[in-house]
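Novice: A single structure is presented below for examination.
All of the numbers you see were taken from the coordinates with simple rules; none came from a lab. Everything numeric in this text was worked out from a predicted model, so none of it was measured. All Cβ positions, even for glycine, are placed from backbone atoms using ideal geometry, and neighbour counts span all protein chains on display.
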Amino acid sequence: MNVPASSEGICEVVITAPSADWLADFTRSLVTDRLAACGHNIQPIRSIYRWAGEVHDDSEARVALHTRASLVDAIVERTSREHPYEVPCVLAVPVFGGNPEYVNWVLRETEPEPAQTA
């Protein structure tokens with residue numbers, strides 16, 4: 001695969017939430033702040049999990065964010081601060097290949113904006 005050489009790779013960050021609307025707004029804020037190039041929101045998903053000693057079967061929403069690996073810590077911190085769950089699901093999966101033009105686009109869209117001069 002012909003992926004551009006970069007000291008910073010890209011990854012996919014998965015986040016789930018109880019509300020599709022909340023997750024869409026959260027995704028939009030991450031894209032606006034250049035923490036992610038995009039987010040593919042999927043809903044509903046069915047989550048079956050154990051929490052506080054009980055098995056739950058709930059409807060949730062899921063987003064797959066495309067971003068720089070170096071931004072994962074900032075996304076985890078922000079999710080922990082703003083998410084309605086006590087322990088939100090945030091998982092980062094490395095990307096080892098793909099369309100080089102798309103990879104470059106993700107890298108461009110997650111670069112900090114140049115400072116404006118007066």
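Novice: Provide the net charge surrounding residue 14, with neighbours chosen by a C-beta distance below 14 Å and charges set as Lys +1, Arg +1, Asp -1, Glu -1. Working shown, then result.
Specialist: Details: positive: 62; negative: 12, 60.
Spelling it out: positives minus negatives among the neighbours equals -1.
Novice: Tilt of helix 100-109 relative to the longest C-alpha principal axis of the chain, in degrees (0 to 90, nearest 10)?
Specialist: Taking the Cα atoms of the chain, the angle to 100-109 is about 80 degrees.
Novice: Which of rounded, prolate, oblate describes the range 43-96, given a ≥ b ≥ c as roots of the alpha-carbon gyration tensor eigenvalues and a/c under 1.5 marking rounded, otherwise prolate only if a/b is larger than b/c?
Specialist: Details: a/c = 2.28, a/b = 1.66, b/c = 1.38.
It comes out prolate by the Cα gyration axes.
Novice: Taking Cα pairs under 8 Å and at least six residues apart, what relative contact order does the range 27-109 come out at, in percent?
Specialist: Values: 86 pairs, mean separation 24.9, N = 83.
So the answer I get is 30 percent.
Novice: Right, here's the next one. For the chain, take the longest principal axis of its alpha carbons; what is the angle in degrees between that and the long axis of helix 20-32, to the nearest 10 within 0 to 90?
Specialist: 20
Novice: For residue 86, what charge total do you get from the other residues with a beta carbon under 15 Å from its beta carbon, if Lys and Arg give +1 and Asp and Glu give -1? Don't skip to the end; give the middle numbers.
Specialist: Details: positive: 50, 81; negative: 54, 58, 60, 82.
Neighbour charge sum, excluding residue 86 itself: -2.
Novice: At a Förster radius of 30 Å, what calculated FRET efficiency corresponds to the Cβ-Cβ distance of residue 56 and residue 101, to the nearest 0.05? Don't skip to the answer; put the middle values down first.
Specialist: Details: r = 41 Å, r/R0 = 1.38.
After rounding, the FRET efficiency stands at 0.15.
Novice: Show that you can apply the helix-only estimate: for the chain, add -39,500 (n - 2.57) for every DSSP H stretch of four or more residues, divide by all residues, and state [θ] at 222 nm to the nearest 500.
Specialist: Details: 3 runs with 34 residues, N = 118.
When only DSSP H runs of four or more count, the value is -9000 deg cm²/dmol.
Novice: Here's another thing I want to ask about it. What is the extension gain from residue 14 to residue 69, computed as 0.36 nm multiplied by their sequence separation minus the C-alpha to C-alpha distance, in nm to one decimal?
Specialist: Working: separation 55, 0.36 × 55 = 19.80 nm, distance 1.28 nm.
Additional length available on full extension: 18.5 nm.
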